[in-house]
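Notes to accompany the following structure.
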Amino acid sequence: MSHASARPASGRSKRLPADVRRQQLLAVALRLFAARGFEATTMDEIAESAGVTKPLLYQHFASKRALYLELCDGVAQSLLEAIGKAVAAADGPRQQVEGGFAAYFHLIVTQSEAFALLFGSEVPDDPELSRAVRHVEDMLAEAVDVLIDAGLDEDHRRLLAYAVVGMAEGASRYFLTLHQRSGTPPAEPDADRAARRLAELAWAGLRTVHRD
């Protein structure tokens with residue numbers, strides 16, 4: 001079969017500005033990685049789904065690994081920016097905690113594929129790629145750290161920050177699974193409710209923490 005006959009109706013030869021094409025390829029790759037995991041997804045499939053040739057895909061990304069790492073970094077930055085804005089707009093510490101959780105849960109609702117990429121069950125069995133995903137957790141913990149009482153020593157604060165991040169991850173996986181089982185996709189009011197409930201638990205716990 002010739003290349004011409006294998007092209008989608010839209011045509012693989014359609015030219016897009018390089019930055020637009022790159023974003024398109026990232027979006028396609030995110031969808032496939034989230035649905036199938038890193039190992040099961042191939043560069044051939046990404047190119048085919050994006051309607052481009054494999055050489056063109058490699059012009060933008062040197063390897064599947066490089067593509068995955070860029071996706072992880074982009075999703076992490078988006079999440080951290082959203083949390084940062086929510087925290088900055090809050091009126092006080094209690095509102096900061098709830099705003100941070102709300103930003104986190106809104107990612108699940110509005111960008112479920114991004115959430116699956118970072119925190120789904122298909123974490124790549126690869127040291128470098130696993131470190132990239134774990135680095136996101138480190139950055140989230142750093143964002144939480146600054147919200148915790150500065151009277152605690154650094155190790156104490158960081159321990160609690162990782163505990164809060166772990167609580168959010170575990171609860172958000174359950175939140176998504178619950179809606180998948182019911183067949184009803186989560187909506188923003190669901191995300192707000194979950195955020196309020198977790199913030200109540202986290203804030204109640206953080207307020208009772210004492211130096212030791």
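The values are calculated or read from the model by the stated rules, or taken from the named source; none is laboratory data. Everything numeric in this text was worked out from a predicted model, so none of it was measured. Cβ placement follows ideal geometry from the backbone for every residue including glycine, while neighbour counts extend to all protein chains displayed. These area figures cover heavy atoms from the full protein model, side chains too; ligands, DNA and RNA do not enter into them. Shrake-Rupley method; radii C 1.70, N 1.55, O 1.52, S 1.80 Å.
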Prolate/oblate/rounded label for the range 101-193 (Cα gyration tensor, a/c 1.5):
oblate
Of every Cα-Cα pair in the range 153-195, the percent that sits beyond 11 Å
69 percent
Protection proxy ranking of 176-183, 103-110, 164-171 - average other beta-carbon atoms within 10 Å, highest first
103-110, 164-171, 176-183
With viscosity set to 1.306 mPa s and temperature to 10 °C, compute the Stokes-Einstein D of the chain, Rh being the Kirkwood radius across alpha carbon pairs; µm²/s, no decimals.
84 µm²/s
Please work out the Cα center distance from the range 53-82 to the range 136-212, rounded to the nearest Å.
27 Å
Subtract the Cα-Cα distance of Glu169 and Thr208 from 0.36 nm times their separation in residues, and report this length gain in nm to one decimal.
11.8 nm
Net charge around Phe175, counting only other residues with Cβ within less than 14 Å of its Cβ (Lys, Arg = +1; Asp, Glu = -1)?
+1
For every helix of n ≥ 4 consecutive DSSP H residues, a contribution of -39,500 (n - 2.57) applies; sum these over the chain, divide by its total residues, and give [θ] at 222 nm rounded to the nearest 500 deg cm²/dmol.
-24500 deg cm²/dmol
Carbon and sulfur: what percent of the chain's accessible surface (1.4 Å probe)?
53 percent
Charge context of Thr42, other residues only, Cβ under 11 angstrom, K/R +1, D/E -1:
-1
Leaving out ligands and nucleic acids, and using a 1.4 Å probe, what accessible area per residue does the chain come to in Å²?
56 Å²
